[in-house]
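Worksheet: one structure, shown below.
The values are calculated or read from the model by the stated rules, or taken from the named source; none is laboratory data. The structure displayed is predicted, hence computed values, not measured ones. So basically every Cβ, Gly included, is an ideal-geometry build from the backbone, and we count neighbours across all protein chains shown. Accessible surface is based on the protein model in full, side chains and every heavy atom, while ligands, DNA and RNA are left aside. Shrake-Rupley method; radii C 1.70, N 1.55, O 1.52, S 1.80 Å.
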Amino acid sequence: MEIETLWEEVRELSLGLSGEVERLNSPPTPIQFLRDFVSQNKPCIISNAINHWPALSNWSNDSYLIKSLSSSSSSDPLVSVHLTPNGRADALAPLTKANDYLCFASAHVQHMPFPEALSLISSTGSNFVAYAQQQNDCFRLEYSALSPDCDANIPWASDALGCLPEAVNLWIGNHLSETSFHKDHYENLYAVVTGRKHFLLLPPTDVHRMYIRDYPAAQYLYSQDTKDFTLELDKPLRYVPWCSVNPYPSGKNKVEEMEKFPLFFQGPKPFECTINPGEILYLPSMWFHHVRQSPDDNGRVIAVNYWYDMQFDIKYAYFNFLQSIHYPVLKNTSLKIESEDQLKTNSSEDELCAGVS
């Protein structure tokens with residue numbers, strides 16, 4: 001079909017016949033970055049761009065981080081830590097243990113002094129996974145004491161894009177921290193400081209392969225007494241459009257997942273790349289990405305990313321047009337409900353599922 005031809009052509013145009021994300025040994029000039037990558041919506045990995053950051057040496061030292069992010073006053077500044085049972089926040093999860101209906105699950109968020117946060121992130125033997133992933137400009141809001149250790153923006157990117165970052169975020173996680181497939185409406189400069197990040201990438205033209213569905217939004221609640229998680233639907237009820245595909249299905253679910261999402265598993269493979277300490281990934285706006293990570297000797301991965309506003313230009317209009325085109329897919333597996341009481345009925349999945357164009 002024509003859309004499948006488009007998938008192949010965009011892959012060749014984006015990354016060439018090698019199918020590998022281009023690596024630059026030094027930062028590009030602003031005009032080179034704009035011409036060769038931003039305007040082409042093409043990812044790249046840049047080495048030797050942040051060698052001057054003190055963070056590369058300082059942030060592997062727990063004592064340094066704790067001292068920098070602790071106050072001399074009686075109360076320490078607080079940071080946000082996201083808790084989940086498995087390390088996958090902002091991801092799909094069964095709404096209850098009694099059924100397989102999926103919801104979009106957000107993490108349980110706790111605010112605590114940084115030393116406590118660091119201890120939780122390092123505690124991989126617990127019944128939860130802690131991840132500092134607040135986003136929303138959290139580096140400048142919660143971790144500003146570390147700002148001397150890295151650049152406030154990426155100069156050549158700021159010059160090319162004609163603006164400063166809308167948000168700068170800090171990410172601190174362990175080997176269990178994982179980010180499900182999604183896309184962002186930002187030009188993303190993602191700098192790894194310690195550990196390694198493993199990305200799967202798909203261009204915006206592969207939108208049909210992501211099986212985007214509307215899922216009811218819910219949030220994990222963690223009980224300090226029982227040490228258990230529960231999922232509670234947002235009130236008022238709302239829906240979040242999210243990618244249905246898990247690219248790494250577990251052994252017992254692998255065959256079922258591959259049959260459910262053939263456009264992904266039988267189509268062109270995602271681009272894979274690993275971002276090492278001291279490297280920056282340019283992730284163009286609207287590219288779908290899934291992230292896993294490998295920790296450093298301290299068991300952690302730390303990264304800083306810079307979100308620059310994307311241009312809502314003709315490329316955005318083209319994407320919306322492509323997404324609106326009906327493509328034959330298998331049965332919708334998202335759940336349309338009006339209230340929590342509906343989950344207690346014996347309605348079939350077909351009755352509960354809603355069509356998505």
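Worth a mention:
- Only residues that are touching a residue at least 60 places away in the same chain (Cβ under 8 Å), more than 15 Å from residue 89 (Cβ to Cβ) and not acidic (Asp, Glu) were counted across the stretch 124-163, and they come to 16.
- Yes/no for residue 187 being open to solvent by 10 Å² or more (accessible area, probe 1.4 Å), in contact with a helix residue (DSSP H, G or I) (Cβ under 8 Å, 6 or more places away or on another chain) and closer than 24 Å to residue 143 by Cβ: yes
- Candidate set from the stretch 216-252 (those that are of a type in the set (S, T, N, Q) and open to solvent by 60 Å² or more (accessible area, probe 1.4 Å)); member that is nearest to residue 104 (Cα to Cα): 219
- The selection criterion, being of a type in the set (Ser, Thr, Tyr), surrounded by fewer than 21 Cβ atoms within 10 Å (Cβ to Cβ) and either without any contact (Cβ under 8 Å) to a residue 12 or more places away in the chain or in contact with a Phe, Trp or Tyr (Cβ under 7 Å, 6 or more places away or on another chain) (or both), does not hold for residue 274.
- Just one of the listed residues (26, 60, 39, 68) is closer than 27 Å to residue 148 by Cβ, small (Gly, Ala, Ser) and surrounded by fewer than 16 Cβ atoms within 10 Å (Cβ to Cβ), namely 26.
- Any hit, the stretch 75-82, residues being in contact with a Lys or Arg (Cβ under 8 Å, 6 or more places away or on another chain) and in contact (Cβ under 8 Å) with a residue 40 or more places away in the chain: no
- Looking across the stretch 2-23 at every residue that is in contact (Cβ under 8 Å) with a residue 40 or more places away in the chain and open to solvent by 60 Å² or more (accessible area, probe 1.4 Å), the one that is nearest to residue 264 (Cα to Cα) is identified as 4.
- Residue match in the stretch 196-214 (condition: surrounded by fewer than 17 Cβ atoms within 10 Å (Cβ to Cβ), within 27 Å of residue 273 (Cα to Cα) and modelled with pLDDT of 95 or more): yes
- Candidate set from the stretch 139-160 (those that are buried (at least 19 other Cβ atoms within 10 Å of the Cβ) and of a type outside the set (D, E, K, R)); member that is farthest from residue 29 (Cα to Cα): 143
- Looking at the stretch 1-115, none of the strands (runs of 3 or more DSSP E) lying wholly inside it contains 3 or more residues that are among the hydroxyl-bearing types (Ser, Thr, Tyr).
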